[in-house]
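This report refers to the structure that appears directly beneath it.
Where a number appears in this text, it was derived from the coordinates with a stated rule and is not lab data. The model shown is predicted, which means the values in this text are computed figures rather than measured ones. Every residue, glycine among them, receives a Cβ derived from its backbone with ideal geometry; neighbour counts consider all protein chains shown.
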Amino acid sequence: MNNQISEAIKQECRKKLLIAKADVLNRFRTAQKELVYADKGGDEADQSVAHILEHSFLVSQERMRDQLLEIEMALSRLENGTFGICEETEEPIEPERLLAIPWTRLSIEGAELREAVGRKFAR
């Protein structure tokens, strides 16, 4: 495996990252518009439904925020020259993996190592 990710792969990943970023931002705006803060009045059932909807909204917002953060960090790695280097093994990430998940920070081997360590310490 060579030590450099090709410029063509980087450019394709940059394009995919920017598209993913726009998608997340659009989903965020749509979700905000769809959430109608219901009057907290009403009976107990109405209040429960309003609370569940608000909780679902907040959970989805957190997921979108996390995904946006991963995308922004990947774009930053593209700018500073560390894109495509596994955080765990410090080896190049497989180009196919980068094209499939351009914000990934781990090679397949690195992800397996991290998962194994996680399982070991989860016991």
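A few points about this structure:
- The charge dipole of the chain, taken about its Cα centre with unit charges on the Cβ atoms of Lys, Arg (+1), Asp and Glu (-1) only, comes to about 220 debye.
- Cα-based Kirkwood hydrodynamic radius, the chain, one decimal, Å: 17.0 Å
- The chain, relative contact order in percent, only Cα pairs under 8 angstrom and at least six apart counted: 29 percent
- Taking amide H as placed 1.01 Å from N in the peptide plane, the amide H of Ile85 sits under 5 Å from that of Ile93, each at least 5 places away or on another chain.
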